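Novice: Below are the structure tokens for one structure; questions will follow.
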Amino acid sequence: MIPAQFDYVRPGSVDEVVAALGERGDDAKVLAGGQSLIPLLRLRLSYPEILVDAAKVPELTGVREDGDHLVIGAMTTHYQVIKDPLIRQHCGLIAQATETVADPAVRHRGTFGGALAHADPASDLPAVALALDAEMVVAGSGGRRTVPASEFFVDYLQTALAADELLVEIRVPKLGDGWGYHYEKFHRVAQSWAIVGVAAVARRSDGTIAEARVALTNMGATPVRASGVEQAVSGAGLDGVAAAAERAAEGTSAPSDLNGKADYREHLARVLTGRALTAAAGG
Ligand SMILES: Cc1cc2nc3c(=O)[nH]c(=O)nc-3n(C[C@H](O)[C@H](O)[C@H](O)COP(=O)(O)OP(=O)(O)OC[C@H]3O[C@@H](n4cnc5c(N)ncnc54)[C@H](O)[C@@H]3O)c2cc1C
């Protein structure tokens with residue numbers, strides 16, 4: 001279908017994007033890679049009066065170090081994320097999960113920030129941001145604020161972003177020595193959305209798992225931390241992973257759809273968590 005008519009602007013700075021959003025409020029939408037927004041416009045499930053294209057704002061693209069954090073510009077494409085040496089060195093989980101997103105065409109247009117701001121529960125990268133304890137830097141008419149990933153994903157396709165706010169960059173703590181990571185995704189065919197996904201990071205010390213963070217994709221309206229698993233595996237050896245993974249579905253509200261019923265997803269969450277944690281802990 002042809003989208004409803006809209007105005008289009010392409011500002012050159014964060015301030016100009018924020019000003020454009022502020023002028024039109026709920027009637028404005030940021031355009032990033034367009035991989036989720038354009039289909040919604042074409043289906044007329046979304047019909048903003050104006051698109052504010054963020055493609056020409058240099059500050060929004062690229063990866064840099066800031067002490068013990070990496071800072072990833074929101075408009076950095078999936079392709080750039082996968083290729084970036086800093087991400088591979090310090091936050092390899094992001095590259096590994098992004099390699100499973102869609103196909104090369106989508107990865108060349110779609111952006112890291114767009115995937116987070118869109119907050120699709122089946123999207124791989126929100127769970128990754130949650131497992132890594134990432135923080136979102138957001139600019140609005142009142143200035144900038146930082147929102148932890150644990151507070152950013154509010155509900156189905158809803159984030160803590162206000163209508164006049166732009167996601168500027170994502171701050172990710174570097175994984176230091178002793179940390180391992182793994183993203184385990186179950187999908188029916190390659191290059192498709194996750195039926196369930198598991199992002200795990202773990203720190204090994206003296207032969208045990210000293211600490212772990214596990215986040216689940218598509219086990220509710222938002223990505224969820226498997227906190228029961230995290231507690232159970234803390235201090236355990238690799239032989240304790242299977243028992244801890246049994247707690248993966250606790251506190252989740254998995255959907256039932258054509259890809260699988262909720263109890264099937266719960267089973268997947270337990271199996272995939274076992275695999276992801278074992279790999280993250282170096283097993
Ligand atoms: C065929 C196909 C398969 C896919 N498969 C997967 C998959 O397997 N896994 C996966 O994780 N994803 C998948 N995706 C989604 C892909 O990752 C998209 O890139 C992503 O969802 C949206 O990113 P975008 O940059 O295209 O954002 P857009 O489509 O431009 O925007 C999406 C939404 O986020 C808002 N937004 C974007 N950027 C910002 C910002 N900086 N600040 C504030 N709001 C913003 C927009 O206003 C819009 O509401 C798939 C997409 C397609 C088309």
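Novice: State the dimensionless ratio Rg/Rh of the stretch 52-169 (Rg: radius of gyration of Cα atoms; Rh: Kirkwood radius).
Specialist: Using Cα coordinates only, the ratio equals 0.93.
Novice: At q = 0.19, 0.24 Å⁻¹, what log₁₀ I(q)/I(0) does the stretch 163-273 have when each alpha carbon counts as one equal point scatterer in the Debye sum?
Specialist: Each listed q maps to, in turn, -0.98, -1.26.
Novice: How big is the C-alpha Rg of the chain next to the rule-of-thumb value 2.2 N^0.38 Å, as a ratio?
Specialist: Relative to the 2.2 N^0.38 Å estimate, the chain comes out at 1.00.
Novice: Using a 1.4 angstrom probe on heavy atoms only, work out the carbon and sulfur share of the accessible area of the stretch 174-255 in %.
Specialist: Answer for the stretch 174-255 is 45 percent, counting heavy atoms of protein chains only.
Novice: The stretch 1-46: percent of C-alpha pairs farther apart than 13 Å?
Specialist: Beyond 13 Å sits 60 percent of the P(r) for the stretch 1-46.
Novice: Then there's this: Under a plain spin-label model, where a point goes 7 Å from the Cα along Cα-to-Cβ, how far apart in nm are residue 190 and residue 6?
Specialist: Placing both labels 7 Å along Cα→Cβ, they lie 3.3 nm apart.
Novice: Let me ask you something else. Spin-label point model (7 Å from Cα, Cβ direction): what's the residue 68 to residue 242 distance in nm?
Specialist: Distance between label points: 3.6 nm.
Novice: Tell me the volume per residue, in Å³, of the convex hull enclosing the alpha carbons of the stretch 146-226.
Specialist: So the per-residue hull volume is 137 Å³.
Novice: Using every alpha carbon pair in the stretch 1-122, what percent of pairs falls into each 5 Å bin from 0 up to the bin containing the largest distance?
Specialist: Final binned percentages: 2, 11, 19, 21, 19, 14, 9, 4, 1, 0.
Novice: Please give me the summed charge of the neighbours of residue 180: other residues whose Cβ is under 9 Å from its Cβ, Lys and Arg +1, Asp and Glu -1.
Specialist: That sum, taken over residues with Cβ under 9 Å, equals +2.
Novice: Do you know the relative contact order of the chain, to the nearest whole percent, from alpha carbon pairs under 8 angstrom that are 6+ apart?
Specialist: Taking the mean separation of contacting Cα pairs over the length of the chain, I get 16 percent.
Novice: Same structure, new question: Go through the stretch 4-73 and name the GluC sites (Glu not before Pro) that are in a DSSP coil and have 14 or fewer other Cβ atoms within 10 Å of their Cβ.
Specialist: Answer in residue order: 49.
Novice: Using a 1.4 Å probe on the protein chains only, how many percent of the accessible area of the stretch 47-133 belongs to carbon and sulfur?
Specialist: Carbon with sulfur: 50 percent of the solvent-accessible area.
Novice: OK, next. Give the span of the stretch 68-120's Cα atoms along each principal axis, as three whole-Å numbers ordered largest to smallest.
Specialist: Principal axes ranked by extent give 29, 20, 16 Å for the Cα atoms.
Novice: Considering only protein heavy atoms, what per residue accessible area in square angstrom results for the chain with a 1.4 angstrom probe?
Specialist: Per-residue value: 45 Å².
The values are calculated or read from the model by the stated rules, or taken from the named source; none is laboratory data. Worth saying up front: this structure is predicted, and the values here are computed from it rather than measured. Cβ sites come from the backbone with ideal geometry, for glycine too, and all protein chains shown count toward neighbours. SASA here: full protein model, heavy atoms, side chains in, ligands and nucleic acids out. Shrake-Rupley method; radii C 1.70, N 1.55, O 1.52, S 1.80 Å.
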